[in-house]
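What follows is calculated from the coordinates using simple rules that are stated; it is not laboratory data. Keep in mind it's a predicted model, so treat the numbers as computed, not measured. Cβ atoms come from the backbone with ideal geometry, glycine included; neighbour counts cover every protein chain shown.
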Amino acid sequence: MRKSYRNTLAALTVMAALPLAIQNAYAQAAAAPAAPTLSAEDFAKAKRLYFDRCAGCHGTLRKGATGPNITDETVKKKSYDHNVLKVFITNGTPGGMPGFAGGGEMSEADINLVATYLMLPPPAPPEMPLEEIKATWKLVVPEDKRPKKPEHSRDWKNFFGVVLRDAGKVAILDGDTKELISVVETGFAVHILRSSASGRYFYSIGRDGKATMIDLWMAKPGVVAEVKTCHDARSIDSSKYHGPKGNFVDKLAVIGCYWPPQLAILDGQTLEPKKLVSTRSYTYDTNEFVNEARVAAIIAGHKDPTWIINIKEAGYIWTLDYSDIKNLKVTMAETERFLHDGGWDASKRYVQMAANMRNKMVVVDSETGKQIAQIETGQKPHPGRGANWVDPKFGPVTATPHLGEAKVAAWGSDPKGHKANAWKVVRNIETLGGGGLFVKTHPNAKHVWFDHTLNPDDKIKRSVCAVEKANPENTRKCIQVADHGRVTHFEYNKQGTEIWVAVWDQVGELVVYDDKTMKEIKRIKGDWLRTPTGHFNVTNGMTDTY
Ligand code: DHE
């Protein structure tokens, strides 16, 4: 008798001897689909794909933030099988999640892997202690070896830094001539750039937590320092305060990490790591411990030596006084959960941040560090830094587009001069559809511009619109910027007369429009221009003009 047959026969004999209920349970288990599995190699690939494409919104531990909780337990509870998960990943959802099949972000095989990965328990990612961070620190050009004055005659305060996302590079362009000056290696899937307070340096942050410092005075701007402070990061900023409490211009930099959830404080001239601050904490409302309390937006104070820091999952906004980093003072304002991005009002006293899964903007007064208002603006506000202008009817306003709804909402943001409108939505500007990520204007500009980057419709995701600040009601004009890619993010030149927008795909473009006429001035193209996303002007960055 063959061995397998013998085993089966023995099993059947044992089964027949069991009570009926237990026999039924065995039968059901046998009929149930096999538990999902992945080989070590596929698991590593799926983990990487999840990290690159999903962790930002759903969290590394998959407990949810901008996107919902998708732990294996939740997936099981909701009875999502492999097919359902594949449909979500392929097509996206009406709530604002993009589909990942269309733009070539994931192949069918990748989607299969990630769907299986979601049915397995999430692995715990490693920590990154200070010693490990210090080992990654490279001072490429020490301060005394850097130029004493600009080595070129260009107006470097009108330079643009352009994120080349998938290339892991940043391009530096001259905002006057629109010429490419330099392409600099940075971190993996580089996310944003911020200007130092003097404007001389750009700091970039990659999704791998690698920060890169670029000196714009060099004949060919290049890297002067770099350091990797975490495994996953989205934000970076510098110390900008100069006043009675000290001169902190270009003195410090700070990185906001998604994983490990921590802040890394660095020397602003060298990126030497100085201090880590954990942001693991308790939710503001239910006081539950959150292991993955990530750092979302960071904004530098101009009136005080402070950084305003969003602790995403905990729902706190920290006002961190960096004037004495050995004795940090932090005011933790209870606000709302799943904080994401945001910016200053025009006076730079009030910070307005999106708690986008709660459909709200929250407002903190930086003088007291306390929350003073919450504004229900619409489904999933996503302001970027937002846009500030003086509305003819309502006075100073700030605005955000929405991921889940076809509107830009503007609220009053001048509680002193226009108290009745303060922190109330006073205008809803109709957009072409949901999936809006960014809105932008400039004090000298005629228009307010907005995009529809994550809209599923090809025409809409490639179109931008603008309304006149002086007459936001009847002046909306829209432009289809390209017939490929997704169109995203805006930045003005330092004069506020020209606005740049990115066509985000492998054959990327930067398109420059005259703000007054909305006519195209220039289409910047080139082999180097792969996957352009965010683009940042030196003057607007150092002064937080938006
Ligand atoms: Fe961003 C800002 C996080 C996806 C382009 N993005 C921010 C900020 C955060 C954030 C917390 C605010 C930083 C600050 O001000 O200090 N972004 C995340 C994510 O978690 C998310 C949703 C998913 C992810 O996995 O990363 C995400 N972001 C994107 C994109 O897909 C974009 C369009 C292109 C890309 O990089 O892949 C993108 N995010 C940007 C840009 C800004 C930004 C251009 C800065 C806007 C500004 O004008 O200041």
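Observations on the model:
- Amide hydrogen neighbours beyond the local backbone of Gly222, cut-off 5 Å, H modeled: Asp215
- A crude spin-label estimate for the pair Gln495 and Thr517, with each label 7 Å from Cα along the Cβ direction, gives 1.4 nm.
- Candidate lysines for bridging to Lys63, where Cα separation is under 26 Å - those fewer than 8 sequence places away on the same chain excluded: Lys45, Lys47, Lys76, Lys77, Lys78, Lys86, Lys210, Lys228, Lys312, Lys360, Lys380
- Region 351-417 - Rg and Dmax from Cα coordinates, angstrom: 11.7, 35
- Using only Cα coordinates, the Kirkwood hydrodynamic radius of region 212-303 works out to 14.5 Å.
- Between Thr475 and Glu468, the built amide H atoms are under 5 Å apart, and every one of these is 5 or more places off in sequence or on another chain.
- Rg followed by Dmax, in Å, when region 432-546 is reduced to its Cα trace: 13.3, 41
- Inter-probe distance in nm under a simple model that places probes 7 Å from Cα toward Cβ, at Gln506 and Lys245: 5.0 nm
- Annotation: Cα Rg of region 310-421 relative to the compact-globule expectation 2.2 N^0.38 Å equals 1.07.
- Lys-Lys pairs in region 142-184 that are eight or more residues apart or on separate chains and whose Cα atoms lie under 19 Å of each other come to 4.
- Percent of C-alpha pairs per 10 Å bin, region 447-515, short to long: 22, 51, 25, 2
- Rounded to the nearest whole Hz, the Karplus-based 3J(HN,Hα) values (6.51 cos²θ - 1.76 cosθ + 1.60, θ = phi - 60°) of region 230-239 follow the sequence 6, 8, 7, 8, 10, 10, 8, 7, 10, 7, with x at glycine and proline.
- Label point distance in nm, Asn444-Glu127, each placed 7 Å from Cα along Cα→Cβ: 5.1 nm
- With 0.36 nm allotted per residue and the present C-alpha distance subtracted, the Leu328-Asn69 stretch has 89.9 nm of extension available.
- Hz values of 3J(HN,Hα) by residue in region 526-540 - Karplus curve (6.51, -1.76, 1.60), Gly and Pro given as x: x, 4, 6, 8, 8, 6, x, 10, x, 9, 9, 8, 4, 5, 5
- Entry note, the chain: the mean residue ellipticity at 222 nm calculated from DSSP H runs of n ≥ 4, each adding -39500 (n - 2.57), is -4500 deg cm²/dmol after division by the residues and rounding to the nearest 500.
- In Hz, Karplus ³J(HN,Hα) per residue of region 35-40 (6.51, -1.76, 1.60; θ = phi - 60°; x = Gly, Pro): 4, x, 9, 9, 5, 4
- Neighbour-count order for Ile192, Ile311, fewest beta carbons within 10 angstrom listed first: Ile192, Ile311
- Diffusion constant of region 142-264 at 25 °C, which comes from Stokes-Einstein with the Kirkwood Cα-pair radius and 0.890 mPa s, µm²/s: 166 µm²/s
- Computed from the Cβ-Cβ distance with R0 of 35 Å, the FRET efficiency linking Ser278 to Ala40 stands at 0.70.
- Relative contact order (%) - criterion: Cα under 8 Å, at least six apart; region: region 220-307: 30 percent
- Stokes-Einstein diffusion for the chain at 25 °C, viscosity 0.890 mPa s, with a Kirkwood radius from C-alpha pairs, works out to 100 µm²/s.
- Ordering of 179-186, 462-469, 140-147 by burial proxy (mean other Cβ atoms within 10 Å per residue, highest first): 462-469, 179-186, 140-147
- Annotation: amide H-H contacts under 5 Å for Ala406 (H modelled 1.01 Å from N, sequence separation of 5 or more, or interchain): Gly434.
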